[in-house]
Each structure stands twice: as C-alpha cells, then as structure tokens.
1. Condition first: surrounded by 14 or more Cβ atoms within 10 Å (Cβ to Cβ) and either more than 17 Å from the chain's Cα centre (by Cα) or within 13 Å of A98 (Cα to Cα) (or both). Now tell me which residues in region 44-55 satisfy that.
2. Are any residues in region 102-115 over 14 Å from E27 (Cα atoms) and either under 11 Å from the mean Cα position of the chain (by Cα) or not in a strand (DSSP E or B) (or both), and if so, which ones?
3. Being closer than 22 Å to T81 by Cβ and acidic (D, E) is the filter here; which residues of region 23-66 pass it?
4. Among the residues of region 21-43 satisfying the criterion of being charged (D, E, K, R) and free of Cβ contacts under 8 Å to residues at least 24 places away in the same chain, which is surrounded by the most Cβ atoms within 10 Å (Cβ to Cβ)?
5. Within region 87-101, how many residues are part of a strand (DSSP E or B) and more than 30 Å from R44 (Cβ to Cβ)?
6. Scan region 47-75 residue by residue and report those that are among the aromatic types (F, W, Y) and over 13 Å from L30 (Cβ atoms).
7. Within region 108-122, how many residues turn out to be small (G, A, S) and in contact (Cβ under 8 Å) with a residue 24 or more places away in the chain?
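The values are calculated or read from the model by the stated rules, or taken from the named source; none is laboratory data. From a predicted model like this one, the values you see are computed outputs, not experimental measurements. All Cβ positions, glycine included, derive from the backbone under ideal geometry; neighbour counts span all protein chains shown. Calculation scope for accessible area: heavy atoms of the full protein, side chains included, ligands and nucleic acids excluded. Shrake-Rupley method; radii C 1.70, N 1.55, O 1.52, S 1.80 Å.
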Amino acid sequence: CSSDLVLTEIPIQVDGRLDKPEKGESEVSLAIHVDVSSLKFARRDGRLVQKLTFIGALLDADGSMVAAKEGVVDFTLKNETLPRLMASGLNASLSLTAPPGRYRIRVVVQDADGKMASLNKSMEIPE
C-alpha cells in the first residue's frame, strides 16, 4: 500500500474530507467512486457476482503508515440491477483518524479477478 505506483485497471475517483472533532485526533473521510462498467460479473446461482476490496491509508512524510482501513463490497445482483449500477457506479467510504501533519492518502481498489486501481493524494491535517 506504500507504493507510488498508480494503477488504472478500474476507473476510480477519490475525495478526502477532513472532520475535526472538538477533542482528539482528526478524521479523514475518503469518498471513493468506482466506475464498475469495466468489471466482469460472474454468474452464480442465477445472480451476477463480483467483489471489490478497498484499502485506504495515510502515509507520513517518511512513507510510514499512520492509519489504514479495509472495506469489502460483495455483489450478488439480479440481472435487472446491473444496468443501473453500470450507469451510476459505486460509492464507498472509509474513515481514518490521525494526528496533525502532512500526509499522502493512498487508496487501492481490487476486484475478485485481480484487476486493480490506485490513487495518491496529498492532505494536511492542521493543528
């Protein structure tokens, strides 16, 4: 997760928002949008299935991981649901907490077939 390599096998967009509580560490909310039109869905038991794994991490200036979280979405769709999902895409979110500092946000998304996407963004959490 600490690589600078950007992978684009799955189209994704990432937006990071800072939520500063009155006490304690700040929370970084990562909004991840996935264009699922490039995903292949397998057929199992009359359903269309696929799995997406999301990993979001905050890395400090030395590249050390300060916070990370993983999320998984398992799809078991009816035939009529897939066109709507293809049109709208999928929105997912991950929240990470960290102390003030400058960070690199690293997001990686992988599907059940091994296709991957990754993005890096910079963010500063003020004092």
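1. R47, L48, V49 - these are the residues of region 44-55 that are surrounded by 14 or more Cβ atoms within 10 Å (Cβ to Cβ) and either more than 17 Å from the chain's Cα centre (by Cα) or within 13 Å of A98 (Cα to Cα) (or both).
2. Those that are over 14 Å from E27 (Cα atoms) and either under 11 Å from the mean Cα position of the chain (by Cα) or not in a strand (DSSP E or B) (or both): R106, V107, V108, V109, Q110, A112, D113, G114, K115.
3. D35, D45
4. Result: R43.
5. First, pick out the residues of region 87-101 that are part of a strand (DSSP E or B): 90-98, 101.
Next, from what is left, pick out any that are more than 30 Å from R44 (Cβ to Cβ): 95-98, 101.
Number of matching residues: 5.
6. F75
7. Total meeting the criteria: 3.
Okay, residues lined up against (1) open to solvent by 20 Å² or more (accessible area, probe 1.4 Å); (2) among the hydroxyl-bearing types (S, T, Y); (3) out of contact with any strand residue (DSSP E or B) (no Cβ under 7 Å at 6 or more places or on another chain):
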residue: A61; (1), (2), (3): yes, no, no
residue: M65; (1), (2), (3): yes, no, no
residue: T76; (1), (2), (3): yes, yes, no
residue: E80; (1), (2), (3): yes, no, yes
residue: R84; (1), (2), (3): yes, no, yes
residue: N91; (1), (2), (3): yes, no, no
residue: S95; (1), (2), (3): yes, yes, no
residue: A112; (1), (2), (3): yes, no, no
residue: K115; (1), (2), (3): yes, no, yes
